[in-house]
1. How big is the dipole moment of the protein assembly as shown about its Cα centre under a simple scheme where the beta carbon of each Lys and Arg is +1, that of each Asp and Glu is -1, and everything else is neutral? Debye, nearest 20, please.
2. At 222 nm, what helix-only mean residue ellipticity would the protein assembly as shown give, in deg cm²/dmol to the nearest 500, using -39500 (n - 2.57) for each DSSP H run of four or more?
3. Average partner chain C-beta neighbours within 10 Å, per residue of B:103-113?
4. Calculate the length of the line joining the C-alpha centroid of the stretch A:33-102 to that of the stretch A:152-179, in whole Å.
5. Please report how far the C-alpha centroid of the stretch B:206-228 lies from that of the stretch A:116-144, rounded to the nearest whole angstrom.
6. Residues in the stretch A:50-72 near a label at A:L276, defined as backbone nitrogen under 15 Å from the 7 Å Cα→Cβ point?
7. For A:T128, what charge total do you get from the other residues with a beta carbon under 15 Å from its beta carbon, if Lys and Arg give +1 and Asp and Glu give -1?
8. Please list B:119-126, B:66-73 highest first by mean number of surrounding beta-carbon atoms within 10 Å per residue.
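Derivation of every value follows stated rules applied to the coordinates shown; laboratory data play no part. It should be emphasised that the depicted structure is a prediction, and the values quoted were computed from it without experimental measurement. Note that each Cβ is placed from the backbone with ideal geometry, even for glycine, and that neighbours are counted across all protein chains shown.
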Amino acid sequence: MATADEARSRTWPSLVSARPRVNRWSALALPAVVFLIAVFLVPLLAMALRSVTDPPGAGLSNYQQFFEQQAYVRVLTNTFWVALLATLTCLVVGYPFAYLMTIVPGRVAGLLLIAVLLPFWSSLLVRTFAWQVLLRDTGVINRFLLDSGFISEPLTLIRTTSGVILGMSHILLPFMVLPMYAVMRRIDPEYSRAAANLGASPLSAFLRIFIPLSLPGVLAGCLLVFVLALGFYITPALLGGLKDQMISQLIVQQITQRLDWGFGSAMSVLLVAITLTFLFVASRAVRLRDLFGSTTEE
Amino acid sequence: MSDSWRQPRRILMAALGALTVFYLLAPTLVIVPMSFTNAQILSFPPEGFSLQWYEHMLTDRQWSTGIVNSLIVGLLTAALATVLGTLAALGISRGRFPGRSLVNGLVLSPLIVPVVVIAIGMFGLFVQWKISGSVLGLVLAHTALALPFVVVNVSTSLQTMDRNLELAAANLGADPRRSFMHVTLPIILPGVVAGAIFAFITSWDEVVVAIFLTSARFRTLPVEMWEQVRQVVDPTVAAVSTTLLVVTTTLLLVLVFVRRQAPA
């Protein structure tokens, strides 16, 4: 991600250039940079250091311990699996919705956008708690099904993988819809019209014109949802069972219950490394701006 | 394009849209009527009508100090994040310096790193710095989480503003400071206000970092709720949930209003 400025700084300082290398506005970024280094970056680096020095002389033993224990690897596999299922659910539910937002009149689209943004900005804990109330054995869904005679025994909905997926998809759906909508909105409707003029059926115009053009948004949405899902803690803790444990829960457990800072730090470093790897791979396919640019638009 | 094909498709799309809106909104809203129940347990549909759980929330010492703590941390976070973030947005948008994209990445990175990792990293160090379990520690942590939202919002305002207005101010004899205070700042103010609101909401709703950086003597509302949710749940939790939602929603509506007022 080399900017022109960086490129310039690496070449021989140009004496003829009238533009100074650093201008006065630049200093304004300094307080935030110092702040983030002290409060955000240093703690993360200290943790990375701890993962190889706690217990003293640990080296890579904490990492080794993780991959040697089948139970830990299973938590990691489960984390990927749950994140993948949540991503697919969001895609299936979110794609038609984002498409709908682009074809309805502007005022309706505005209302649909509010329906996406309200949950986006409301408390994750409250929404997870709501799902707990819905899914429990004595919860709203079971009560309704029992009262209406569809079932005679309450269904087991909470402490299941489906419960976790349902809750996580609900929370992550806005992160899928917003980047897709941002891309779909920029697709010129003339393309589809041109396809129709050339004899394509609406369905084939949709499949061969609209869907391919919307793929950058799909990719951005899927990536964002997947990466965020990997780090989920509250929702699997409240809606999942023991076998649904995700890596974040394991990290918290190691730190707060076993006080094993070295091992917990090693897993944290692993989680960050996995997250950054996905983002790096994706940054070649997707403009990262599409990920975050749209969330505060409008 | 035969109408016989289009009509069912439209109905299907409308139905899908309605279902999705239902999925997005209904599960959360179910909590609201439950908070007004007369019964001693959470039930739906709620029985009777009563404000007793709100009364309990406001009179119970733990819940009420939780509200006060959340408000204090949220307001301080909003203030600090708005100042740091607005300056950073100016520096990044208008500055020219080596490593600018690196700085941009650093500012956005709190959005990417899993929040549990941030929480544990800060907890480990803040304990040593003796600011864990204090207002200061939590405000610093929440400010880091909220900064990206301020920077993105203010940057958007800066990119869309017409810089000729500043040149005009300079031509009319305004020095840079005066031009900034009387021309630039009023124009980007909606972005700054939006950033401040998002920063407050970020702190107001945040629970994972707060779980680690609070103590039994100093808890915010979401942490208090987290402790309760895992034990016996009485309808007070529904009242607390509704309170959290109402504050956030009100602020978002204020935001929509601010944006409407903004020059296009």
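1. Dipole of the protein assembly as shown, to the nearest 20 debye: 1520 debye.
2. Per the formula, -23000 deg cm²/dmol.
3. 6
4. Here the answer is 20 Å between Cα centres.
5. 20 Å
6. A:50-52
7. Once all neighbours under 15 Å are counted, the net charge is 0.
8. Ranking the peptides B:119-126, B:66-73 by packing returns B:119-126, B:66-73.
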